[in-house]
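What follows is a single structure, written as structure tokens, with notes after it.
Throughout, read-outs are computed from the coordinates displayed, never taken from laboratory work. None of these values were measured; they are calculated from a predicted model. Neighbour counts are summed over all protein chains in view; Cβ atoms, including those assigned to glycine, are modelled from backbone coordinates with ideal geometry.
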């Protein structure tokens, strides 16, 4: 038997007996590369900058050293020893559970802090004393401001999935939190990628950090051999019908379907329930209790389909997930790779399916260029294909019933009918009845005509195609709370937060004349002009009041991003935006107003629920 060398066991890394015992109980045999590289410098108190993909064991890499350093230290009310910041509620729960698992023999207390959970419950947990707080940035900042979270005694802070937190707009929150921590703290930053923004944070807040790079598994780079990828070119109006046919043919064990907005998620989930699938929706507008209920059903094999937004699905890891479906092409190739990586795990082959509107062809080209692999373009199944597949499933179900036996009570019916009709006709009628009981409701939709679209041309994977592949082209980029992509043709976002149409000078714009000089004064807030090419907004535009302003750090990008993402409203239709200290006014087309009000009331801005209604002129 090969003798283990000095760096191959958890004991070799210097972990204590209690932690080693818990790891042995959990079945951990040897550390992963990120754990081997990170545990020792973190236990020594060094800062650390680690780059490693999701699923490489990062949680244990920082949790074990934190627990080792805490030891038997007594917890202090409101003053944690360590703070772990994560981007989503789901990840906060997972990281907290990991800390609990590793520390059963140590008596360490862990408090998960995230939006959507009762604030008082979190305050009680902090008052009782938590050695480790695992929090989303927005909720952590809320507790700091209310003085229910005191970071003065903090010895370690961990930023997990730092790139995701920045992409979700938490940059300012992270800066405020880090500024509230002692200068002597230890800081560990983990990220799947290291863009310039991450490097900037590391330069400002980490002191001579140990730098760790764990490369991606070469076996999965580019080709992703365990995931069978295909795409269907379908006009958006026919996507739901096409998806229904594809799912009927694929018969997934569990499929995770990605949509761009919450409204898309709810609408698609309702449509798929009508096809007889066991479906649940998952998005940021749900309470934590609702999310937990959905995830329990998904992990308990009680669902066929889980329809979700990207943000809500982060951190989800379900063993029996067989299919990932992109209802729309992801805005970035990296997002595509991250999505489909959720299936095809543990040696099983997964399936990734993408529905592509003809206008999204360049986005698909970008993905092919990044993965260095062509995605097979398939033909949408015909109604005959669907009927043949359903008949095949009916045949399989009947075969299983025959093999199971126990039909004696039904033989008398068959014998009676066989005396009057041919036994083959009796059997065929029974099969037809069983088949139509499951397929009848969808006959109209299945028979609907779906246009056949020829496959679009692809670029060669070479230098000549690099510029074209890099272009976003067709569909605009998804809005994530910042002016990117959507306004390339409309204007630019100035450093001071003012949005000015091209060809004009930045600064306040007068709503009446369109000339510089209008808008709120610099002390009260700002006014942003919108609606390129529109001479006046007054006729069909309605002013909507939002009880959030500069005091909450609200920017035009926050409002446009929330409206575009949460209400699925085209941002080009948004009119003037006026931001005061405690409120904002947004002009919207009459047809979008109620949808925007409903969507914004269900979501949060800067981590807070806010009042939203048609503007009455009253200022609160």
Least to most buried among 165, 43, 433, by other C-beta atoms within 10 Å and fewest first, runs 433, 43, 165
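Just need the relative contact order of region 111-179 here, percent rounded to a whole number, with Cα pairs under 8 Å and 6+ apart. Intermediate values should be presented prior to the final figure.
Values: 45 pairs, mean separation 22.5, N = 69.
For region 111-179, the relative contact order is 33 percent.
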Euclidean distance between Cα centres, region 133-171 to region 398-412, Å:
60 Å
Point-to-point label distance, residue 397-residue 128, nm (Cα→Cβ direction, 7 Å offset):
4.8 nm
So how do 594-605, 201-212, 133-144 stack up, highest first, on mean other-Cβ count within 10 Å?
133-144, 594-605, 201-212
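Multiplying the sequence separation of residue 302 and residue 184 by 0.36 nm and subtracting their Cα-Cα distance, what value in nm do you get? Mind showing how you got there, number by number?
Working: separation 118, 0.36 × 118 = 42.48 nm, distance 4.90 nm.
The residue 302-residue 184 span can extend by a further 37.6 nm.
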If R0 is 30 Å, what FRET efficiency do you get for residue 176 and residue 76 from their C-beta distance, rounded to 0.05?
0.85
With the crude spin-label approximation of a point 7 Å out along Cα→Cβ, what separation in nm comes out for residue 615 versus residue 278?
5.0 nm
Is the C-alpha gyration tensor of region 3-125 telling us rounded, prolate or oblate? Criteria: a/c under 1.5 is rounded; beyond that, a/b larger than b/c is prolate, otherwise oblate.
prolate
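In what sequence, highest mean first, do 44-51, 253-260, 607-614 appear when ranked by Cβ atoms within 10 angstrom?
On the way: 44-51: 19.4, 253-260: 22.6, 607-614: 15.4.
Per-residue Cβ counts within 10 Å, averaged per peptide and sorted highest first, yield 253-260, 44-51, 607-614.
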Each label point is 7 Å from the Cα along the Cα-to-Cβ direction; what then is the distance between the points at residue 266 and residue 292, in nm?
2.3 nm
Quarter of the surface of the C-alpha convex hull for region 70-124, i.e. direction-averaged projected area in nm², equals 4.0 nm²
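Can you tell me the mean projection area, over all orientations, of the convex hull of region 286-417's alpha carbons? Units nm², please.
Dividing the Cα hull surface by four gives the mean projection, 13.1 nm².
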10 Å binning of all Cα-Cα separations within region 219-380, expressed as whole percents from 0 upward
11, 43, 37, 9, 0
Full extension between residue 430 and residue 416 adds, at 0.36 nm per residue less the Cα distance, a length in nm of 3.6 nm
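Sort the following peptides by mean Cβ neighbour count (other Cβ atoms within 10 Å, averaged over residues), highest first: 169-178, 292-301. Mind dumping the intermediate values first?
Details: 169-178: 18.3, 292-301: 14.6.
Per-residue Cβ counts within 10 Å, averaged per peptide and sorted highest first, yield 169-178, 292-301.
Taking neighbour Cβ counts within 10 Å as the exposure measure, how do 127, 99, 119 sort from fewest upward?
Values: 127 11, 99 25, 119 14.
If I rank by nearby Cβ atoms, fewest first, I get 127, 119, 99.
Given 0.36 nm per residue, what is the gain on full extension from residue 152 to residue 25 after removing their alpha carbon distance, in nm?
Values: separation 127, 0.36 × 127 = 45.72 nm, distance 3.52 nm.
Separation in residues times 0.36 nm, less the Cα-Cα distance, equals 42.2 nm.
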Could you tell me the calculated FRET efficiency between residue 145 and residue 320, based on Cβ-Cβ distance and R0 = 35 angstrom, to the nearest 0.05?
0.25
For all pairs of alpha-carbon atoms in region 87-226, what percent lies in each bin of width 5 Å, listed from the first bin to the last filled one?
2, 8, 17, 20, 20, 15, 8, 5, 3, 1, 0
